[in-house]
Each structure stands twice: as C-alpha cells, then as structure tokens.
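What follows is a short report on a single structure.
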Amino acid sequence: MKCSKADTVSEEQLGDKDGSLGEEADIVWLGTTVAEDMAEKEDVPEKEDDDSASGDTVDAKPDRKFRFLVFNKKKKDEQGRDSEISDCHTRIVAPTFLYNMNFKSVGKCIIINNKNFDDKTEMNVRNGTDIDAGNLLACFTSLDFNVVVLNDQTCSQMERILQDVSQENHTNNACFACILLSHGDEGMIYGTDGAMPIKRLTSLFRGDMCKTLVGKPKLFFIQACRGSEFDQGIQTDSGPTGDVETDANPQHKIPVEADFLYAYSTVPGYYSWRNPGKGSWFAQALCNAFKEYGKEFEIMQILTRVNYMVAMHFESWSEDPRFSEKKQIPCIVSMLTKELYFKKK
C-alpha cells in the first residue's frame, strides 16, 4: 500500500478489541576505473600475486583495493622485520567471554522521549510514548542504571546531549545505554524539528571518540518506524582456543565499531506500532522481558524473548481495515564481542 503525506491515522479511527484506544504507527510518509598493466605470458600458468598468499585483502572496488594493497605491502615489510622478535616473545592468554560488570556503576542510560513535533514536520503527536518512557525508566533503574529522561528534543539538542555524555568520564561505569522514542524512517530518527541520521548519534560513542567506553558494551534501543510497509503476517501450523599476546607489546587493537548493540523495534522498511493507552509493542515487551529475565539471562537471550513476545502477543486492530491485523518483529543488530549479564560475576 502506498501512502502520501495527506494520509493520516486519527485516534478516532483506531481502537482495540477491548474498547481501549488502538494502535498507531510511528509513521513517516515519504511520497573509476583504474588501468592495470597486464603482462602476457605464453604457456605459463597464471600465478597469483605474492600478497594474496601472505596477507589479507578486501572485497572492494578496484580503485579502493589498489590503495589497500599499497598499504598492505608496507605493513608486510614491517611485519617481516618484527616476526623474529614476536616468535620468541609470545604467550597464550585464555580469552574472557564475559563483559566485566564489576564497576562502581552499571552505567548511564539516556532516554530521549519525543512526543510533540513542529507543524512543519507534519508528524502526529505520539500518544502513549510517555507510558513507554515511564516504564523504561523503572525498568533500567531496576537494572541499576543511572537513568535520565529528556522530553521533546530537537535534532541539535539530541546531538549535543549525547556528545556531552560521550565526553564524560565512564571509567567507573560498566556500560552505556541509550533509548530513542520517536518517529523515524530507515536510518533516520526524528527530533521535534525534523529528521537526522541515527548514525550521527551512535557514532559519538565509537572507540576512537569515547575512550573511556572502549571495550565496554554500548546499547541503543530505538522505538521508531523504519519505513512504510506493513507486515501482514502468515499463518503457521507449528508453533578461537586462545589469544596471542607479546611480552614486548601487550597492547591490542579492537575495531572502533566493536561492542555496540542496536535493538530496533522493527525491521528495515516497516512500520512500528504503538498503542496510545498501553505504549509501544516493543517497549512493552522489552520491559516485561527485562523484568523477568534481566538479572538472570544474557542480553541476547533476553532480546530473543522480546522478539518472540512482539511477534506472537501483538496484532493491530483498527476500524480502518488497512491498519488491522498487522504484525511486527523487532530487529537486533549486535557487534558485542562478549556475553553481557546485568549482574556482577
């Protein structure tokens, strides 16, 4: 179904089966090549470049790959000189697959709750989002987070808030969490004055931007639409052994994008549903799962149960048949490198 900006979903059109207000969607309507010298050889089998056997390469376009190979050759020469030293000064270190939670504080949790939007955005009031914010405040407080709730923030305010938090000293914190409640589209989140890329907010906590959270989990929970498709649903009849560390240089690098987890309320391209009287499906399930399993299960186990709850326990209903009997499934994207339990080991 294609929708235009003129389409709206009023509270009067929506209702649920027990007489309370029905679901709303957090809806946004959106009407070199490089020349290479080739040597011809007769009766000689083609031979692969030496670098392909001794170093890593990238799956990239030729122009980008050329730059990488120049860099890789330089690194190879350096590694050749270092190999004699490293071979004589190595030891096997048993890996740790649990995030360390033995800090003074679990960490800070920022909840940005956007309910009212400027007229120029043509976005509706997000009735029910205050219920989500209150439930999430209680939920993450019970997990021992230091929770701060901020209502109706513009794009610049959201960015400034998270930039300030990223520059704080998190040395005594085990992790960081951020919850965004707003309208959205794929890759975008709405401030009260318009949309901005989610990446602009999350990148503030990359390893090269926020040093005191390096190696610690950074959790983002995003309740917002990611497109304008409906999930119609379908009937079913069934329910490494060690790390190497050198004595000469025990430091190691990790990717700047490591240790992030993104829990989206829905998959790319789809609406995300919210009940004005009960809150969003995703936030309801998230709070229920953390309340029951938060101090016992690993976070991916908890979020798998959130997926199940949203998928199986919720279905939209409206007097407008276009919005009835629709389903939703959250989407979990994890770059975590260890298991995360919200309890001290």
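All of the numbers you see were taken from the coordinates with simple rules; none came from a lab. All figures in this text were calculated on a predicted structure; none of them were measured in a lab. Neighbour counts run over all protein chains shown; Cβ positions are idealised from the backbone, glycine included.
Table for the structure above
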item	result
C-alpha center-to-center spacing [region 295-314, region 135-194] in angstrom	22
Summed side-chain charge close to LEU204 - residues other than LEU204 whose Cβ falls under 15 Å, Lys, Arg +1, Asp, Glu -1	+2
Computed label-point distance, nm, for sites PHE103 and THR154 using a 7 Å Cα→Cβ extension	3.2
Listed peptides 300-312, 169-181 by packing density, highest first (mean Cβ within 10 Å)	169-181, 300-312
Full-extension gain in nm, ARG322 to MET335, via 0.36 nm per residue minus C-alpha separation	1.0 nm
Neighbourhood net charge (13 Å Cβ-Cβ; Lys/Arg +1, Asp/Glu -1) for LEU162	+3
Neighbourhood net charge (11 Å Cβ-Cβ; Lys/Arg +1, Asp/Glu -1) for PHE297	-1
Fewest-first ranking of VAL125, VAL147, using other Cβ atoms within 10 Å as the exposure measure	VAL125, VAL147
